[in-house]
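Notes follow once the structure below has been shown.
The values are calculated or read from the model by the stated rules, or taken from the named source; none is laboratory data. Source: prediction; values computed, not measured. No Cβ is skipped: glycine too gets one built from the backbone with ideal geometry, and neighbour counts run over all protein chains shown.
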Amino acid sequence: MNHYETIFIVDPDTPETEQDSIFEKLKSRIAADGKLIMFDDWGSRKFAYEIRKKRQGRYVRLDFCSEGALVDEIERLFRLDYRILKYMTVLLARDVDPESLAVIEEEPEADAKTAEATETGGTAEAAETEKTDEPSSAEDTSDEAVETKTTETESETEESI
């Protein structure tokens, strides 16, 4: 199986019930011939330019594993459905085990929780202190350079008097 990512934009004027039916149809189609890794609804966003005289749309990202025939079928459904404004499918990897991908998608969430716990503890503060020490040492270096220049100019002035 191959690992794919599909991002599509749904017309915002489509009623919520019809949007949900589109999503359920896609989910069931993917479940029949492949494995859905992640369904990520990004919500309604404003476009950079008009698409079919619309200024915004609802973005959705599908992450799934399947064979190429399923991708062809999904894109055929997108072309036939007037409520889908744009879509794009990208092949992320070939010959992938879908079970290993499910674990990969769950790990970043666990890592994010661990990072949040560390930030609330003392470790993040130590990291921030280290970061602030670096610029201050750079500032000290620039201060020394200024002092050196000042000293040179003072000595030159004393010699000329």
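In segment 20-29 there is no residue matching the filter, namely being farther than 18 Å from Met88 by Cβ, in the same structural domain as Asp81 (by TED's automatic domain parsing), in a loop (DSSP other than H, G, I, E, B) and not hydrophobic (A, V, I, L, M, F, W, C). Being in a strand (DSSP E or B), among the small types (Gly, Ala, Ser) and out of contact with any strand residue (DSSP E or B) (no Cβ under 9 Å at 6 or more places or on another chain) is the filter here, so list the residues in segment 30-76 that pass it. Correct list: Ala48 only.
Selection of segment 46-59 for residues being surrounded by 12 or more Cβ atoms within 10 Å (Cβ to Cβ) and free of Cβ contacts under 8 Å to residues at least 40 places away in the same chain yields only Phe47. Pairing residues of segment 7-33 that are of a type outside the set (Asp, Glu) with residues that are in a helix (DSSP H, G or I), at Cβ distances under 6 Å and at least 6 apart in sequence or on separate chains, gives Val10/Gln19.
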